[in-house]
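The values are calculated or read from the model by the stated rules, or taken from the named source; none is laboratory data. Only a predicted model underlies this, so the values are computations on that prediction, with no experimental measurement involved. Positions of Cβ are backbone-derived with ideal geometry, glycine not excepted, and every protein chain shown enters the neighbour counts.
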Amino acid sequence: MAESAPQSELVECVLGRIVIRDGADRQYIYLTETDGERGFPIVIGNNEAGEIHRVVHSIEPDRPLTHQLIFAAIEVLGASIRTVDIVDLRQNTFYAKIVLADGTGAIVGSLDARPSDAIALALRAGSRIRVAETVLDEASRSESG
């Protein structure tokens with residue numbers, strides 16, 4: 001599992017946009033820092049792009065899909081998604097963790113996750129998305145050329 005950056009080194013970000021191209025195997029989301037100008041893309045799969053699109057546009061499927069099922073399971077167990085942290089970037093692969101809290105808000109653990117899945121769940125939960133400063137620097141530098 002990827003190690004987390006210290007709390008002070010995490011920068012809050014938001015979903016800037018999602019790009020869905022019909023017939024393409026890869027889709028893109030763009031994260032941008034909340035209080036700044038840096039941002040970067042993440043390549044995601046069609047299923048994750050579909051879930052993010054559904055959440056952003058408040059579309060609920062007739063039956064729960066994978067992300068809705070996982071979100072419901074977390075809630076049934078009395079936990080919530082406190083934050084999603086993108087903690088590492090190695091060989092063009094981002095690493096994230098989903099930080100879980102109990103009913104009192106105390107952190108009870110974290111799960112290693114692909115950023116696309118973690119972001120989809122964070123958006124569904126209304127949770128913060130944070131990116132390690134080092135990851136944000138590297139990814140935004142790569143994006144700007």
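A few remarks follow.
- Qualifying residue in segment 128-138 (condition: over 20 Å from Val11 (Cα atoms) and out of contact with any Gly (no Cβ under 7 Å at 6 or more places or on another chain)): no
- When residues of segment 51-98 are limited to those that are hydroxyl-bearing (Ser, Thr, Tyr) and free of Cβ contacts under 8 Å to residues at least 24 places away in the same chain, the one nearest to Ser116 (Cα to Cα): Thr93
Yes/no matrix, rows are residues, columns are (1) touching a Gly at 6+ places or on another chain (Cβ under 6 Å); (2) under 20 Å from Thr93 (Cβ atoms); (3) at pLDDT below 95:
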residue	(1), (2), (3)
Ser8	no, no, yes
Cys13	no, yes, no
Gly23	no, no, yes
Asp35	no, no, yes
Pro41	no, yes, no
Ile52	no, yes, no
Phe71	no, no, no
Ala79	no, no, no
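- Output for segment 91-119, where each listed residue is charged (D, E, K, R) and under 24 Å from Ile18 (Cβ atoms): Lys97, Asp112, Arg114, Asp117
- Taking every residue in segment 99-117 that is farther than 16 Å from Phe71 by Cα and pairing it with any residue that is of a type in the set (Lys, Arg) and part of a loop (DSSP other than H, G, I, E, B), at least 6 positions away or on another chain, yields no pair with a Cβ-Cβ distance below 9 Å.
- Candidates Glu51, Glu60, Glu37, Glu75, filtered to the one that is loosely packed, with under 13 Cβ neighbours inside 10 Å, of a type in the set (Asp, Glu) and part of a helix (DSSP H, G or I): Glu75
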